[in-house]
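Since the structure comes first, as structure tokens, the remarks are kept for the end.
The values are calculated or read from the model by the stated rules, or taken from the named source; none is laboratory data. A quick note: this is a predicted structure, and the numbers were derived from the prediction, not measured. Here the Cβ is made from the backbone with ideal geometry for all residues, glycine too, and neighbour counts use every protein chain on show. Side chains are part of the model used for accessible areas, which takes the heavy atoms of the whole protein and leaves out ligands, DNA and RNA. Shrake-Rupley method; radii C 1.70, N 1.55, O 1.52, S 1.80 Å.
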Amino acid sequence: MASSNPLALKLLIHKRANHVVYAESGKDFVDILLSFLTMPISSIIRLTTRHPKIGSLNTLYESVQDLETHYMQTKACKNMLLHPRSAAEEQYKNLMLYIDDEDTDPTEYYICPTWSCSSKTHCLVSTAANARCRCGQVMHRRVYRKQQNHGLDGRDGGFVNGDTGFLISDDLNVFPVSTSKSLELIKKAGVSERTVLEQRTVSVGRREALSILKTSLISKMVLSDVFFPKKPQQKYNMLCGKKVPVP
């Protein structure tokens with residue numbers, strides 16, 4: 001069951017460059033990363049609105065918020081655009097950290113009130129009350145879905161197995177723990193001597209998880225940008241082997 005308790009994440013960092021070589025974690029943190037792939041884009045926009053905006057999708061989302069309901073096909077259309085549900089709802093219930101509180105509430109399902117339409121003709125199901133059926137009627141008849149009991153079949157729920165450790169690169173590439181892969185990531189980071197490496201443990205709460213989500217859309221150095229952010233004047237581009245300040 002999801003909770004609001006922060007997770008501990010082990011980082012191997014390059015002390016001189018002040019960036020993450022890789023992170024090491026168990027199932028819980030990796031499940032959170034993988035849950036990003038199941039989020040509807042509207043949910044990502046809504047969850048990151050307190051951060052600097054990303055492109056024009058925020059503007060599009062806000063325009064739907066401001067649009068009068070009578071301009072929509074139905075009130076349900078507006079709700080579906082602003083608050084879409086994830087198809088991975090059952091897996092979300094087993095995450096060890098709340099990302100989207102809306103996904104913790106059980107999804108309700110609605111069908112056409114005409115039995116022949118809902119069972120034979122169109123057979124439509126909506127997660128929003130009062131959506132319009134193809135027959136023209138409003139779908140307000142609630143149906144109940146049998147809940148699945150995770151853990152009874154020996155599985156942990158979520159997305160990955162709980163008996164495996166994982167390495168996560170700075171750009172969120174996920175690998176099973178192995179000596180060869182850790183050495184490969186160290187070499188890729190340009191580490192020539194072990195003395196520049198240092199292990200640190202950071203805390204990942206909801207705020208950090210949402211920061212990782214947003215940063216993953218705009219950066220190839222996600223973990224470094226989240227846990228070791230650089231001031232604008234300290235950022236550099238690597239051009240021809242030389243450090244050139246970014247304007």
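See the values below:
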{"quantity": "Cross-chain or 6+ apart pairs with Cβ under 6 Å, the range 37-50 first and closer than 16 Å to Asn79 by Cα, then in a helix (DSSP H, G or I)", "calculated": "Ile45/Leu57; Ile45/Asn58; Ile45/Tyr61; Leu47/Leu210"}
{"quantity": "Criterion (closer than 24 Å to Ile45 by Cβ and in contact (Cβ under 8 Å) with a residue 12 or more places away in the chain) met by exactly one of Cys77, Cys112", "calculated": "Cys77"}
{"quantity": "Of all residues making up the range 185-197, the number that are open to solvent by less than 60 Å² (accessible area, probe 1.4 Å) and either modelled with pLDDT of 95 or more or under 18 Å from Met221 (Cα atoms) (or both)", "calculated": "6"}
{"quantity": "Residues located in the range 45-89, provided they are β-branched (Val, Ile, Thr), touching a Lys or Arg at 6+ places or on another chain (Cβ under 8 Å) and surrounded by 13 or more Cβ atoms within 10 Å (Cβ to Cβ)", "calculated": "Thr48, Ile54, Val64, Thr74"}
{"quantity": "Residues within the range 5-20 that are part of a strand (DSSP E or B) and either open to solvent by 80 Å² or more (accessible area, probe 1.4 Å) or of a type in the set (A, V, I, L, M, F, W, C) (or both), tallied", "calculated": "8"}
{"quantity": "Near pairs, Cβ below 7 angstrom, 6+ apart or cross-chain, from the range 215-226 (under 16 Å from Ala189 (Cα atoms) and free of Cβ contacts under 8 Å to residues at least 60 places away in the same chain) to any residue that is part of a helix (DSSP H, G or I) and open to solvent by less than 30 Å² (accessible area, probe 1.4 Å)", "calculated": "Val222/Ile212; Val222/Thr215; Asp225/Thr215"}
{"quantity": "Which listed residue, of Gly157, Gly165, is open to solvent by less than 40 Å² (accessible area, probe 1.4 Å), modelled with pLDDT of 90 or more and either closer than 25 Å to Asn5 by Cα or not basic (Lys, Arg) (or both)", "calculated": "Gly165"}
